[in-house]
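Take a look at the structure below.
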Ligand code: BG6
């Protein structure tokens, strides 16, 4: 008998950009690889009136370039059905239930359902409540809810949202997506640390000077200005992706790799994060906003459509986090992220302390640095010192590179593909737990409060650069500097 997964996906936000760019291609890849075979169906819902035919064309279009053949794409798209849906209208859920039940029969799915919430979080509670009351939740199979970000806009709203969803579903049915947790290299953090005793034994404040995390983007806000202007980089990137990376980099070894053990350790380190007072937040965090590029070709943030002329929304954040525990006290974790920067790059630099011995003076040696490239480049490099060829005992820096080739990167599964497969298999390890979400909201809320109280403007930086100079000063005042600087 086939081991392939059976499921009916009901996607709220089925006409959206995420569905087209990520979800349909990911489901297709799972289909192509045999993780799902013919026992699956997808119902896309949204306000718009679309026919099944049109929806299937959209799906086929979204997998152009990765489809085995036109016939295969067509065969795949026949599993897709569309229902125009008003999330507040109870009757619409009854129609949805009928369609779901009939597709379940048609494709012999056995009652397994994945409800994918990819729309404004203000509707999440209404949707989950109706799914339960109108009996879209089955008795025969599994019922899981994937929740897209943003999960609230601050701690209070995310708590209210969580409580509302928990009225209809159990916590172990919830899969809060943070797509960074599906990235190969983010998942590699734990392996690199804990499968290598050589690395793990020096992963602490005795050897490490500071940690740097950069999530730099070349693109701007594109079509999402309306959402982004209310959100800003702190909520859009720091609260979720950056905080998740910080916890994976700094947690203690879990007793096993199972979901609960990993979460327990992540939570432990997150609760050791020092929540900042408004004064400390002003000192330790910089918010920036891009202006028109130096050559005048790229518009500034305030010139974007749907952005107010005097918007103070940050398109860039840099900050310093302190972890108050034995392993990390005294090791600043510098983070930065921004839009319209020089280059797309996500990387982590672990900067080690310089040698403290009479043989080699610190000033003549370079700090050892482990760099993890999270994307689009993927891999790990290590910077060490070696003897310079020739007379004397001079030192120079050398680099050991392990960067994955284009081909290998393309073959590795996409983050969404991995996470959807995890959800199909009931594995919640690479999803955010409520307690982690709550802790990171509390952390960023303190910074947001400080900024809301302040009348100062964001630090401006021209589009196409690495960000405002204030972000450099943040490190310079500690005697450090950013390791990655594509502008140099
Ligand atoms: C999303 C943010 O969560 O992550 C976007 O909402 C951002 O603003 C994106 O562009 C970055 O993801 P990636 O995988 O392209 O680095």
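The values are calculated or read from the model by the stated rules, or taken from the named source; none is laboratory data. Not measured: the values here are computed from a predicted model. Neighbour counts run over all protein chains shown; Cβ positions are idealised from the backbone, glycine included.
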Task: Condition check for residue 314: out of contact with any strand residue (DSSP E or B) (no Cβ under 9 Å at 6 or more places or on another chain) and not in a strand (DSSP E or B) - done: no
Open item on the list: Looking at segment 453-488 only, could you name the residues that are at pLDDT below 95 and more than 24 Å from residue 366 (Cα to Cα)?
Closed with: 453, 454, 455, 456
Task: Qualifying positions in segment 452-464 - crowded, with 20+ Cβ neighbours inside 10 Å and not in a loop (DSSP other than H, G, I, E, B) - done: 461
Task: In segment 348-361, residue nearest to the ligand (Cβ to nearest atom) [restricted to those that are surrounded by fewer than 20 Cβ atoms within 10 Å (Cβ to Cβ) and at pLDDT 95 or above] - done: 352
Task: Tally of residues being more than 15 Å from the ligand (Cβ to nearest atom), in contact (Cβ under 8 Å) with a residue 40 or more places away in the chain and in contact with a strand residue (DSSP E or B) (Cβ under 6 Å, 6 or more places away or on another chain) across segment 144-173 - done: 2
TODO: Tell me, yes or no, whether segment 218-228 has at least one residue that is touching a strand residue (DSSP E or B) at 6+ places or on another chain (Cβ under 6 Å) and within 16 Å of the ligand (Cβ to nearest atom).
DONE: no
Task: Only listed residue being under 23 Å from residue 418 (Cα atoms) and surrounded by fewer than 18 Cβ atoms within 10 Å (Cβ to Cβ), chosen from 61, 89, 52, 94 - done: 61
Open item on the list: Regarding segment 232-241, can at least one residue be identified that is more than 16 Å from the ligand (Cβ to nearest atom), in contact (Cβ under 8 Å) with a residue 60 or more places away in the chain, buried (at least 17 other Cβ atoms within 10 Å of the Cβ) and under 24 Å from residue 330 (Cβ atoms)?
Closed with: no
TODO: Would you confirm whether any residue within segment 362-372 is buried (at least 18 other Cβ atoms within 10 Å of the Cβ), part of a loop (DSSP other than H, G, I, E, B) and within 15 Å of the ligand (Cβ to nearest atom)?
DONE: no
- [ ] Identify all residues within segment 203-217 that are outside any strand (DSSP E or B) and within 10 Å of the ligand (Cβ to nearest atom); write none if there are none.
- [x] 217
Open item on the list: Report every pair of residues separated by at least 6 positions or lying on different chains whose Cβ atoms are under 8 Å apart, first residue within segment 84-98 and assigned to a strand (DSSP E or B), second surrounded by fewer than 18 Cβ atoms within 10 Å (Cβ to Cβ).
Closed with: 84/47; 84/48; 84/49
- [ ] Look at segment 311-347 and say how many of its residues are more than 14 Å from the ligand (Cβ to nearest atom), more than 30 Å from residue 203 (Cβ to Cβ) and in contact with a helix residue (DSSP H, G or I) (Cβ under 7 Å, 6 or more places away or on another chain).
- [x] 1
